[in-house]
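**Q** Sending over a structure as structure tokens; questions will come in a sec.
The values are calculated or read from the model by the stated rules, or taken from the named source; none is laboratory data. Being a predicted model, the structure only gives us computed values, none of them experimental. Cβ placement follows ideal geometry from the backbone for every residue including glycine, while neighbour counts extend to all protein chains displayed. Heads up: the accessible areas ignore ligands, DNA and RNA and are worked out on the full protein's heavy atoms, side chains in. Shrake-Rupley method; radii C 1.70, N 1.55, O 1.52, S 1.80 Å.
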Amino acid sequence: MEAHSGLSAKIVEEAGFKGIWASGLAISATLGVRDCNEASWTQVLDAVEFMRDASTLPILLDGDSGFGDFNIVRRLILKLEQRGINGVCIEDKLYPKRNSFIECDQKVCDADSFTGKIKAAKDTQKDNDFCVVARLEGFIVGLPFEQVMERAHMYADAGADAILVHSKRTDAEQILAFTDIWDRPTPLVVVPTTYNSTPTDVFAKAGVSLAIWANHNLRTSITAMQDTCRQIYQAQSTLKASENIASVKEVFRLTDMEELAAAEKHYLSGSGAE
Ligand code: SPV
Ligand code: MG
């Protein structure tokens, strides 16, 4: 499930999900910028560090196209491991990337340079459990099916821990055609944003290991904030708007004020000293 901040990461964990997708779209939008590598990769790193502090769940960072060449990918892996992030997903697009759903001239990078990034990532990680997910953007840019499949084989051969096959179709045909032919042990990941009318167990039966709900916390927060702003602006009062929103007490609970109160008792010994 997508998260983009410490708070949303905490909410994802409390809901029962087993892992966090640190979405590039959601992190960028939360910062008020476009999902076009406008946020620098160290700014993304800072955002994901807050998620790490707020949640114990595994975090897969959306690493876009790696924020540069293989050398930047190596440094990215180093920094992600230092901050306790559990994996990164990199896509075979050119830097600076564009979000896959933006209607524009989307371009993939050449497959060889991308396999170099995968190998560089795998060679750099120190923790054996760190996951490098290779994301295929071939269907997004309109490559023929065989070329997308050929790239998937190359990325699996390069050592990717999983293959994310992305599609912007409103039906699941492209994805299911892919899973049908996939004959490698490398697990498959999908992002059913546009083709969400297909029941998830269809993907499970087709051999998909992981579905990412990629941007729904971001989008729900936008709607909620817009509604509340509209209501308060119109009423020039918070009375009505306060009925349907989280209490301040809930904010304190989510940020674990209780722990601080206990720590104060322990460390301040009731002296009230600073
Ligand atoms: C993201 O959440 O940033 C993604 C998934 O990359 S998507 O926006 O569907 O391309
Ligand atoms: Mg993204």
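**Q** Is it true that some residue in the range 191-199 is surrounded by 17 or more Cβ atoms within 10 Å (Cβ to Cβ) and in contact with a Pro (Cβ under 6 Å, 6 or more places away or on another chain)?
**A** Looking through the range 191-199, none of the residues is surrounded by 17 or more Cβ atoms within 10 Å (Cβ to Cβ) and in contact with a Pro (Cβ under 6 Å, 6 or more places away or on another chain).
**Q** Among (1) open to solvent by 50 Å² or more (accessible area, probe 1.4 Å); (2) more than 13 Å from ligand 1 (Cβ to nearest atom); (3) within 22 Å of L76 (Cβ to Cβ), where does R98 come up short?
**A** (2)
**Q** Would you say I72 is within 21 Å of I212 (Cβ to Cβ) and surrounded by 15 or more Cβ atoms within 10 Å (Cβ to Cβ)? Walk me through it before giving the result.
**A** Values: within 21 Å of I212 (Cβ to Cβ): no; surrounded by 15 or more Cβ atoms within 10 Å (Cβ to Cβ): yes.
So I72 does not fit the description; no.
**Q** Scan the helices (runs of 4 or more DSSP H) fully inside the range 180-274 and keep the ones with 3 or more residues being β-branched (V, I, T). Give the derivation first.
**A** On the way: elements: 200-205, 216-235, 248-254, 257-268.
Helices (runs of 4 or more DSSP H) meeting the threshold: 216-235.
**Q** Which members of the range 156-185 meet the condition of being over 20 Å from the mean Cα position of the chain (by Cα) and open to solvent by less than 20 Å² (accessible area, probe 1.4 Å)?
**A** Passing the criteria: A156, A158, A172, F178, T179.
Rundown of residues vs (1) open to solvent by 30 Å² or more (accessible area, probe 1.4 Å); (2) in contact with an Asp or Glu (Cβ under 8 Å, 6 or more places away or on another chain), yes/no style:
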{"position": "K107", "(1), (2)": "yes, no"}
{"position": "D123", "(1), (2)": "yes, no"}
{"position": "K126", "(1), (2)": "yes, yes"}
{"position": "I140", "(1), (2)": "no, no"}
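**Q** Exactly one of (1) closer than 24 Å to G6 by Cβ; (2) within 16 Å of ligand 1 (Cβ to nearest atom); (3) not acidic (D, E) is unmet by A262. Its number?
**A** Single failed check for A262: (2).
**Q** Can you go through L25, L45 and tell me which one is within 11 Å of ligand 1 (Cβ to nearest atom), of a type in the set (A, V, I, L, M, F, W, C) and either open to solvent by 50 Å² or more (accessible area, probe 1.4 Å) or modelled with pLDDT of 95 or more (or both)?
**A** L25 is the lone residue from the list that is within 11 Å of ligand 1 (Cβ to nearest atom), of a type in the set (A, V, I, L, M, F, W, C) and either open to solvent by 50 Å² or more (accessible area, probe 1.4 Å) or modelled with pLDDT of 95 or more (or both).
**Q** Would you be able to tell me the number of residues in the range 78-95 that are of a type in the set (A, V, I, L, M), under 18 Å from W21 (Cβ atoms) and more than 14 Å from ligand 2 (Cβ to nearest atom)?
**A** The total comes to 2.
**Q** Also, quick follow-up: From the list V88, V133, V141, which residue is within 16 Å of ligand 1 (Cβ to nearest atom) and either out of contact with any strand residue (DSSP E or B) (no Cβ under 9 Å at 6 or more places or on another chain) or in contact (Cβ under 8 Å) with a residue 60 or more places away in the chain (or both)?
**A** Values: V88 fails: either out of contact with any strand residue (DSSP E or B) (no Cβ under 9 Å at 6 or more places or on another chain) or in contact (Cβ under 8 Å) with a residue 60 or more places away in the chain (or both); V141 fails: either out of contact with any strand residue (DSSP E or B) (no Cβ under 9 Å at 6 or more places or on another chain) or in contact (Cβ under 8 Å) with a residue 60 or more places away in the chain (or both).
Residue meeting the stated conditions: V133.
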